[in-house]
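Novice: Supplied in structure tokens, the structure appears directly below.
The values are calculated or read from the model by the stated rules, or taken from the named source; none is laboratory data. What you see is a predicted model, and the numbers here were worked out from it, not measured in a lab. Positions of Cβ are backbone-derived with ideal geometry, glycine not excepted, and every protein chain shown enters the neighbour counts. All accessible areas refer to the heavy atoms of the entire protein, side chains included, with ligands and DNA or RNA removed. Shrake-Rupley method; radii C 1.70, N 1.55, O 1.52, S 1.80 Å.
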Amino acid sequence: YTILSKVHSDRNVYPSAGVLFVHVLEREYFKGEFPPYPKPGEVSNDPITFNTNLMGYPDRPGWLRYIQRTPYSDGVLYGSPTVENVGKPTIIEITAYNRRTFETARHNLVINIMSAEDFPLPYQAEFFIRNMNVEEMLASEVLGDFLGAVKNVWQPERLNAINITSALDRGGRVPLPINDMKEGVYVMVGADVPFSSCLREVENPQNQLRCSQEMEPVITCDKKFRTQFHIDWCKISLVDNTKQVSTFQEVIRGEGILPDGGEYKPPSDTLKSRDYYSDFLITLAVPSAIALVLFLILAYIMCCRREGVEKRNMQTPDIQLVHHSAIQKSTKELRDMSKNREIAWPLSTLPVFNPVTGEILPPLHTDSYDNTSMPLMQTQQNLPHQTQIPQQQSAGQY
């Protein structure tokens with residue numbers, strides 16, 4: 001039932017709606033379209049890639065997919081035609097690119113979708129095979145072996161492969177390149193008889209519990225697949241199209257639903273004017289008044305509650321004020337010295353107060369006194385109001 005065809009230029013194929021269609025783009029065929037290697041007798045193994053699109057459009061139809069792993073492998077077109085495309089010829093443009101010579105060759109594939117008499121098959125089952133990639137599953141031998149295993153456990157009169165989908169297209173993650181891991185593939189098959197008891201075992205409460213705990217369910221017919229196909233029975237999907245689900249829902253009348261025979265009455269053209277004064281007060285006036293009150297409170301705290309410099313000086317010890325005044329004067333003198341080095345002797349080198357009595361000492365000279373010729377530091381003998389420290393005399397004077 002699955003149509004497999006080899007590539008030929010401008011070939012017509014006739015797949016059936018609802019049945020898997022596979023078309024192989026063989027590199028060997030397109031090698032004849034490109035010139036051989038310069039050396040005679042040398043085997044040509046050019047890397048060739050393919051681009052497929054619907055004639056007049058940049059992409060393929062929604063039901064048709066394409067895959068090619070490497071430039072040295074064949075390309076595969078696959079998909080399941082739909083009933084909407086029955087009787088409409090679909091022309092696929094196939095462009096082959098030679099990656100060594102950068103030459104191209106183009107062929108057309110005309111797909112004439114036919115209607116199937118038994119479409120759709122009422123009973124459909126979708127299997128997830130973990131140890132296969134999509135291009136491996138599309139091979140006629142592998143797909144035939146899988147359909148044979150399904151037929152043994154299902155025993156239908158008619159069995160078709162409906163569709164094949166890579167796990168990456170279902171939101172799966174790319175496997176790690178270790179231990180020859182596979183991405184996995186979903187295979188949907190259809191039959192004309194109800195599901196067998198073996199397939200129904202996945203719906204048992206015990207197996208459902210094991211699947212919820214990420215454990216392998218117990219399936220009696222798993223050994224018929226295990227030799228070649230590793231099936232994840234927790235992801236199997238069984239669809240019975242014979243049970244028609246009614247889509248009619250009784251309408252419960254309530255707000256927003258007009259009664260039967262009611263007429264829609266739009267509002268009149270003459271609308272009443274609306275007073276926005278209350279909205280203005282709520283939106284602008286009230287926040288502005290609150291902001292003004294907060295501003296006045298802050299201004300009173302910042303401007304009217306200041307203690308002042310005099311009160312601060314009264315609560316500060318005199319010695320601390322003297323230190324602070326000396327630091328300010330020294331800073332001012334240093335700034336003046338950076339502008340003009342010919343200035344008076346800096347007061348920062350003079351004693352500020354008597355080290356014994358703590359009495360503030362008057363300056364040695366007025367601000368107008370010219371002492372530029374004086375040394376920067378005075379000796380101990382020149383400093384007035386100093387306490388003389390007795391010198392220790394030698395023992396020979398006594």
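Novice: Hey, if we sort Glu310, Glu333 by accessible area with the 1.4 Å probe, largest down, what's the order?
Specialist: Largest accessible area first, the residues go Glu310, Glu333.
Novice: Continuing with this model, one more query. Compare Lys88, Lys339 by solvent-accessible area with a 1.4 Å probe and give them largest first, with all protein chains kept in place.
Specialist: Result of the area sort, largest leading: Lys339, Lys88.
Novice: Can you give the FRET efficiency to the nearest 0.05 for Ser115 and Asn51, using r as the Cβ-Cβ distance and R₀ = 22 Å?
Specialist: Calculated value: 0.15.
Novice: Of the peptides 133-145, 230-242, 277-289, how do they stack up when ordered by the mean number of other Cβ atoms within 10 Å, highest first?
Specialist: 133-145, 230-242, 277-289
Novice: Using a Förster distance of 45 angstrom, determine the FRET efficiency expected from the C-beta separation of Gln155 and Glu263, and round it to 0.05.
Specialist: About 0.15, to the nearest 0.05.
Novice: For Asn12 and Glu136 in the same chain, what is the full-extension length gain: residue separation times 0.36 nm, less their Cα-Cα distance, in nm?
Specialist: Once the chain is fully extended between Asn12 and Glu136, it gains 42.1 nm.
Novice: OK, next. Per residue, how much accessible surface does the range 175-232 expose to a 1.4 Å probe? Answer in Å², no decimals.
Specialist: Ligands and nucleic acids excluded, the figure is 58 Å² per residue.
Novice: Rounded to the nearest 0.05, what FRET efficiency is calculated for Glu33 and Asp180 with R0 set to 41 Å and r the Cβ-Cβ distance?
Specialist: Plugging the Cβ-Cβ distance into 1/(1 + (r/R0)^6) gives 0.75.
Novice: Let me ask something additional. List residues of the range 215-241, by number, whose backbone nitrogen lies under 12 Å from a label position 7 Å along Cα→C-beta of Asn204.
Specialist: Backbone N within reach: 217-222.
Novice: Moving on to the next point. Quick one: net charge of Phe34's neighbours, Cβ under 10 Å, K/R +1, D/E -1?
Specialist: -1
Novice: Along the Cα→Cβ direction, 7 angstrom out, place labels at Leu292 and Phe280. What is the inter-label distance in nm?
Specialist: 1.5 nm
Novice: Another question, then. If packing is taken as the average number of other Cβ atoms within 10 Å across a peptide's residues, how do 24-30, 70-76 rank, most packed first?
Specialist: With the highest mean Cβ count within 10 Å placed first, the list reads 24-30, 70-76.
Novice: Is any residue of the range 122-166 close enough, with backbone N under 16 Å, to a label point placed 7 angstrom from the Cα of Thr242 along the Cα-Cβ axis, and if so, which?
Specialist: 122-125, 154-159
Novice: Moving on. With all protein chains present, how much of the accessible area of the range 15-148 (probe radius 1.4 Å) comes from carbon and sulfur, to the nearest whole percent?
Specialist: Using a 1.4 Å probe with all protein chains present, the range 15-148 comes out at 53 percent carbon and sulfur.
Novice: Rank these by accessible area, largest first, 1.4 Å probe: Met337, Met302, Met314, Met114.
Specialist: Largest to smallest exposure gives the sequence Met314, Met302, Met114, Met337.
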